[in-house]
Each structure stands twice: as structure tokens, then as C-alpha cells.
1. Checking residue 45 against (1) within 25 Å of residue 186 (Cβ to Cβ); (2) part of a helix (DSSP H, G or I); (3) out of contact with any helix residue (DSSP H, G or I) (no Cβ under 6 Å at 6 or more places or on another chain): exactly one of these is not met. Which one?
2. Give me a count of the residues in the stretch 21-41 that are surrounded by fewer than 23 Cβ atoms within 10 Å (Cβ to Cβ), touching a residue at least 40 places away in the same chain (Cβ under 8 Å) and more than 21 Å from residue 138 (Cα to Cα).
3. Report yes if some residue within the stretch 94-107 is within 17 Å of the chain's Cα centre (by Cα) and under 25 Å from residue 170 (Cα atoms); otherwise report no.
4. Of these, 114, 110, 168, 180, which one is assigned to a loop (DSSP other than H, G, I, E, B), in contact with a strand residue (DSSP E or B) (Cβ under 9 Å, 6 or more places away or on another chain) and modelled with pLDDT of 95 or more?
5. Looking at 100, 18 in this structure, which one is closer than 24 Å to residue 149 by Cα, in contact (Cβ under 8 Å) with a residue 12 or more places away in the chain, in contact with a strand residue (DSSP E or B) (Cβ under 8 Å, 6 or more places away or on another chain) and outside any loop (DSSP other than H, G, I, E, B)?
6. The conditions are (1) in a loop (DSSP other than H, G, I, E, B); (2) in contact with a helix residue (DSSP H, G or I) (Cβ under 7 Å, 6 or more places away or on another chain); (3) over 21 Å from residue 38 (Cβ atoms), and residue 90 fails exactly one of them. Which is it?
7. Do you know which residues across the stretch 5-16 are closer than 14 Å to residue 47 by Cβ and within 10 Å of the chain's Cα centre (by Cα)?
8. Just the residues that are touching a strand residue (DSSP E or B) at 6+ places or on another chain (Cβ under 6 Å), more than 13 Å from residue 123 (Cβ to Cβ) and not in a strand (DSSP E or B), please, taken from the stretch 146-165.
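The values are calculated or read from the model by the stated rules, or taken from the named source; none is laboratory data. What you see is a predicted model; the values in this text were computed from it and never measured. Cβ: placed from backbone, ideal geometry, glycine included. Neighbour counts: every protein chain shown.
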């Protein structure tokens, strides 16, 4: 199963997936390309380290969504890698019908909450302010509804008394680094399309 990862930041989740691949723990999945909408993003530095092509793709003209010319460039770049699965790992753009249609049923996203609780931005802050005792992370199929697609896997993280945003974020990220590779490995072993 050919996997393409899209990210906008440091790439810690992409790194966890690549490390799992290196350790033989990614099932029949193989990461074939990394793309970012941010020039110089940390995720791009993972390419040379793990022997995977990595590229910046210009997302212009919009700042928070992938539409128009930027969307067309991303569709062309990702299509060129012939992915069976497109993984959004900290990709901070809302996908629109052109991209969703090009890879229909093959896009998954990692979100830092137990969806359907706390969708959208600052999910960790939302969980912390909620007063709840539990949060976590979710991997789900991507649909037109932001953070609303069918759930593929979740991991719970307790919110301790006196928890700070930084301490909770560290716990959620640690759970993400285990969950995302496990879900990808599972998808690679299941029959049919992702």
C-alpha cells in the first residue's frame, strides 16, 4: 500500500510513521512521499533522513484552505506519487471537493481529540477547558465535513488534575505516535481500498 503524508509543521507524526516503517511495524504500507504547504517545514527534513522524497507544494492563493490553483498543484503532486492512502498528519488546511474527489475514500486524518468531541482548531485547549477527565486522539476518514468522517481508531488520554496545555499536548502527541502507525498498518492488511 503506497502512502503519501501531508503535513504543515514539525512532522512528529510523520516521523513516527516512518520509524514504524523502518522497524517493520507498518504492515504492507510504504511511505512513498512527503508533501508540505509550508516551505522549510520540519516534515520536509524527514525525507532525506528516511530516504523518502519530500517536497514543498505552493498552496496559494488561500491561507487556510486548499482550493483553486493551490489545490490543483497538490492534486498533481500527490497523484504523481500514485497513493493508495493519503495521510493528513498536522496538515492545517481544509480540503475542498477537488482534492477530496481526486482521492475519494483514500484520505485519513489524525485529530487530537476523541471525536466527535472537540473538532476543529485547538482541540487540546478545548478539552482542557471542558473540565472533562478524558481526551485523546482519533484517526478518521476525511469527508467534506471537517473532522466528521468515519472513525478508524481512537486512543484515550486522561486529563490529570492541574494539567497544563503543554503537559496534555505531550501526552496526546505520545498517543498519536502509537495510534497513527497502527491504523495505517491495519489498513494495509485489510482487503480492498483504504
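1. Failed condition: (1).
2. Number of matching residues: 4.
3. Yes: one or more hits.
4. Unique residue meeting the criteria: 114.
5. Numbers: 18 fails: closer than 24 Å to residue 149 by Cα.
Exactly one residue qualifies, and that residue is 100.
6. Condition (3) is where residue 90 drops out.
7. 5, 6, 7, 11, 14
8. Once the filter is applied, which keeps residues that are touching a strand residue (DSSP E or B) at 6+ places or on another chain (Cβ under 6 Å), more than 13 Å from residue 123 (Cβ to Cβ) and not in a strand (DSSP E or B), the stretch 146-165 yields 149, 150.
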